[in-house]
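In what follows, a structure is listed as structure tokens, so that the remarks can point back to it.
The values are calculated or read from the model by the stated rules, or taken from the named source; none is laboratory data. Being a predicted model, the structure only gives us computed values, none of them experimental. FYI the Cβ positions are ideal-geometry reconstructions off the backbone, even for glycines, and counts take in every protein chain you see. Quick note on the areas: whole protein, heavy atoms, side chains included, nothing else; ligands and nucleic acids left out. Shrake-Rupley method; radii C 1.70, N 1.55, O 1.52, S 1.80 Å.
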Amino acid sequence: MSNLRADSVIACLDCPNHVQAVLEASMWAAKNLQAPIGLLHAAPTVQHKEALDYSGYLVADDGTHLLNQLTLEEKDSNGKLRDQGRLLLKQAQSYCEQHQGRYKHQIYHLHRHASIAESLDYVDESAQLVVLGHQVTCKDTLSQLIRASRCPALVTHESFKIPKTALFGFDNRPTCHALLEWLCSTSLIRNLNLHVVMVGEENERNKEALREAYARLTQSGISCKKALIQGHDVTSALMYYQQKNELDLLITGAFGESRLHEFLHGSNTRKLLKASQTPYLLYPKM
């Protein structure tokens, strides 16, 4: 992965059902960010960890036969994985080239025989955005991948619709303030109509925090509305508001609560990942 280019949008092609949506989301993001697209295919090498029955190959006087058989099978399987990965990357690049429109994306391949978690850990260092399918095909859950990330992540379902509106879930925590500054500086959401929404008590502290966030966004040239919703169930309140106002994109900080809060009340990020039916942009905990 030494060909990783700085400030790229990384399209993760690990989930077959989401490849087209991931590519479309990546092209949208790359156009807004004026960034190259890194097509990432991460597939670990085949390891014979399963409890396979090789008893028929065992010969009392010759243990090399079993070893040779295992080596040949692993080599063959890894060769097939490499071929499948190369084909997928070529098809993905061809799709982008056919659908990129006026903006000509710089497209390059990141073909890695490692887990998606290990690959994302590497691209985190210099990528602008990582685009993931909602159903990852690895032992790590989507929540685990995002929690470990240091890069903003855009999660899409099986179809991607270019957003025109967005809901920014503002909770006045440090991660959310870092997200606020990022939104004010990035060109990713510059052309969207943004609703900045806070769920909590209608007191002066929350009102003032929401006013400051709204002012910061509008001063940055972002078209905004603001709303303070009373309630204790953040997920339900945000989902209701988003559906009622037909907003195309959800934006929040990722895992901004304390571990104690998550233990006692659960993680809002996990709940929103499960509940959201639109693309979901998450900003990593600093």
> Does any residue in the stretch 127-148 that is of a type in the set (D, E, K, R) come within less than 6 Å, Cβ to Cβ, of a residue that is modelled with pLDDT of 85 or more six or more places away or on a different chain, and which pairs are these?
Replying inline: Asp140/Ala117
> Can you find a residue in the stretch 55-78 that is of a type outside the set (D, E, K, R), open to solvent by less than 80 Å² (accessible area, probe 1.4 Å), under 27 Å from Thr156 (Cα atoms) and modelled with pLDDT of 50 or more?
Replying inline: no
>> With the requirement that a residue be in contact with a strand residue (DSSP E or B) (Cβ under 6 Å, 6 or more places away or on another chain) and small (Gly, Ala, Ser), what does the stretch 1-34 give you?
In response: Ser8, Ala11, Ala21, Ala25, Ser26, Ala29, Ala30
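Quick check on Lys49: is it more than 30 Å from Leu192 (Cα to Cα) and modelled with pLDDT of 85 or more?
Spelling it out, it is not the case that Lys49 is more than 30 Å from Leu192 (Cα to Cα) and modelled with pLDDT of 85 or more.
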> Restricting the search to the stretch 115-144, which residues are part of a loop (DSSP other than H, G, I, E, B), closer than 15 Å to Leu39 by Cα and of a type outside the set (S, T, N, Q)?
Replying inline: Asp124, Ala127
> Restricting to the stretch 184-242, what's the tally of residues that are among the aromatic types (Phe, Trp, Tyr) and closer than 25 Å to Asn32 by Cβ?
Replying inline: 2
>> Filter the stretch 239-286 down to the residues that are modelled with pLDDT of 90 or more and in a loop (DSSP other than H, G, I, E, B) and list them by number.
In response: Glu246, Leu247, Asp248, Ala254, Ser276, Gln277, Thr278, Pro279, Pro284
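Is it the case that some residue within the stretch 197-219 is assigned to a loop (DSSP other than H, G, I, E, B), charged (D, E, K, R), out of contact with any Pro (no Cβ under 6 Å at 6 or more places or on another chain) and open to solvent by 50 Å² or more (accessible area, probe 1.4 Å)? It would help to see each step written out before you state the result.
Just the residues of the stretch 197-219 that are assigned to a loop (DSSP other than H, G, I, E, B), to begin with: 200-203.
In the following step, the residues that additionally are charged (D, E, K, R) were identified as 201-202.
With the extra rule that they be out of contact with any Pro (no Cβ under 6 Å at 6 or more places or on another chain), the set shrinks to 201-202.
Narrowing further to those that are open to solvent by 50 Å² or more (accessible area, probe 1.4 Å): 201-202.
Taking every residue of the stretch 197-219 in turn, at least one turns out to be assigned to a loop (DSSP other than H, G, I, E, B), charged (D, E, K, R), out of contact with any Pro (no Cβ under 6 Å at 6 or more places or on another chain) and open to solvent by 50 Å² or more (accessible area, probe 1.4 Å).
Inside the stretch 149-177, can you point out the residues that are assigned to a helix (DSSP H, G or I) and among the hydroxyl-bearing types (Ser, Thr, Tyr)? Steps first, answer last, please.
Our first condition is that a residue be assigned to a helix (DSSP H, G or I); within the stretch 149-177, this holds for 174-177.
The answer is Thr175, and nothing else.
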> Which residues, counting only those in the stretch 153-189, are farther than 24 Å from Leu210 by Cα, modelled with pLDDT under 95 and open to solvent by less than 70 Å² (accessible area, probe 1.4 Å)?
Replying inline: His157
>> Six or more apart or on different chains, Cβ atoms under 9 Å: show the pairs whose first residue is in the stretch 217-236 and on the phi > 0 side of the Ramachandran plot and whose second is part of a helix (DSSP H, G or I) and open to solvent by less than 30 Å² (accessible area, probe 1.4 Å).
In response: Gly221/Cys184; Gly231/Ala237
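Just checking, how many residues over the stretch 220-232 are within 28 Å of Trp28 (Cα to Cα) and assigned to a strand (DSSP E or B)? Let's see the steps before the verdict.
Pass one, the stretch 220-232, residues within 28 Å of Trp28 (Cα to Cα): 220-227.
From the residues that got through so far, the ones that are assigned to a strand (DSSP E or B) too are 224-227.
Adding up the residues that qualify gives 4.
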> Of the conditions (1) under 24 Å from Leu23 (Cα atoms); (2) modelled with pLDDT of 95 or more, Ser143 fails just one. Which one is it?
Replying inline: (2)
